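For reference, the structure I am asking about is given below.
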Amino acid sequence: MIRVTENLNQVRKRLQNAARVAGREPSDIKLLAVSKRHSVASIEAVAEAGQQDFGENFVAEGLGKIEALAARKLCWHFIGAIQSNKTRDIAAHYDWVHTVDRLKIARRLSEQRPEDRPPLELCLQVNVDDEPQKAGVRPAEVAELAEQVARLPGLRLRGLMCLPRVRSDPEAQREPFAALRQLLEALQAQHAALDTLSMGMTGDLEAAVLEGATIVRVGTAIFGPRD
Ligand SMILES: *Cc1c(COP(=O)(O)O)cnc(C)c1O
């Protein structure tokens, strides 16, 4: 447990350094601790060190943790693949969802968001490298999807998310992140309130911060390897 606190401090340092190199304010970059396949006890240790935002990939696994840790008032982000039959639980229990890539899912989340909860904060997942078989809306179709999602009640469209192909060269890794930033900038002409780029993980958070990430999603560097 001491280990995760140390790890968290190291990640915060990496973020501060990356922000400094990029000429950005560290406070403009939110750290999302990705806790999938890690225990409630590990999450508690990280929360105890002041971490507020946690990300989960599997709906049921996340729900158990949200319930177990309800007293801590943490902020929960859903970052996994979304099946239609899971939207109700996401709408009811999460604060953010990063992985919406089709209108049907957005409509269900909109209809199912409970009225006593604030709008669900939402990012569209973009298949930024246009890879076959990969989740995410194609770059050419982002604008149209954003247009439709922005109109749905119960949701607040915040920006874009990507999970790019890993490049061996850190400099080349900036390319997909720059592409996502440019897509967001194009959308901002119509939707000035969009403010979120969810990009960068343990291996590439520096490249993402250089290209404007406002949320980095970090699992391994905080919690250690997943089994
Ligand atoms: C697991 C996961 C992460 C965290 O990855 P690490 O390499 O462990 O930091 C980030 N984003 C998504 C969508 C993930 O599934």
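Considering the chain as a Gaussian network with a 10 Å cut-off on Cα pairs, which listed residue, Gly154, Gly23, Gly212, attains the greatest mean-square fluctuation?
Gly23
Further, regarding this structure: List the aspartates and glutamates whose Cα sits under 16 Å from the Cα of Lys134, skipping any in the same chain fewer than 8 residues away.
Asp101
Another question about this same structure. Explain nothing, just the number: dipole magnitude of segment 144-198 about its Cα centre with +1 on each Lys and Arg Cβ and -1 on each Asp and Glu Cβ, in debye rounded to the nearest 20.
Numbers: 7 positive and 7 negative charges, 38 e Å.
Here the size comes out at about 180 debye.
How do Ile90, Ile215 line up, fewest other C-beta atoms within 10 Å first?
In increasing order of surrounding Cβ atoms, one gets Ile215, Ile90.
Which order results if Asp116, Asp195, Asp169 are arranged by neighbouring Cβ count within 10 Å, fewest first? Each step should come with its number before you reach the end.
Numbers: Asp116 5, Asp195 12, Asp169 9.
Result, fewest neighbours first: Asp116, Asp169, Asp195.
Could you identify which residue out of Gln148, Gln52, Gln16 has the top mean-square fluctuation in a GNM of the chain using Cα springs shorter than 10 Å?
Fluctuation is largest for Gln148.
Please state the charge dipole magnitude for the chain, taken about the Cα centre, from unit charges on C-beta atoms (+1 on K and R, -1 on D and E), reported in debye and rounded to the nearest 20. Before the final figure, lay out the partial values.
Working: 31 positive and 31 negative charges, 67 e Å.
For the chain, the charge dipole is close to 320 debye.
Ok, one more. With charges only on Cβ, +1 for K and R and -1 for D and E, what is the dipole size of segment 169-227 about its Cα centre, in debye, rounded to 20? It would help to have the intermediate numbers written out before the result.
On the way: 4 positive and 9 negative charges, 43 e Å.
Its charge dipole is roughly 200 debye.
Work out the charge dipole of the chain with +1 on the Cβ of Lys and Arg and -1 on the Cβ of Asp and Glu about the Cα centre, then indicate which of Val21, Val34, Leu163 is farthest towards its positive end.
Positive-most Cα among the choices belongs to Val34.
Between Thr202 and Arg12, how many nm apart are label points set 7 Å from Cα along the C-beta direction?
Each label point is offset 7 Å from its Cα along the Cβ direction, giving 2.0 nm.
Picking from Pro118, Pro26, Pro164, which is most flexible by a Gaussian network model of the chain using Cα springs under 10 Å?
Largest GNM mean-square fluctuation: Pro118.
Here's a follow-up. In what sequence do Lys104, Lys73 fall when counting other Cβ within 10 Å, fewest first?
Numbers: Lys104 11, Lys73 8.
Starting with the residue having the fewest Cβ neighbours, the order is Lys73, Lys104.
Only the coordinates and a few stated rules stand behind these numbers; no lab work does. Worth saying up front: this structure is predicted, and the values here are computed from it rather than measured. Because the Cβ atoms are built from the backbone with ideal geometry, glycine has one as well, and the counts that use them run over all protein chains shown.
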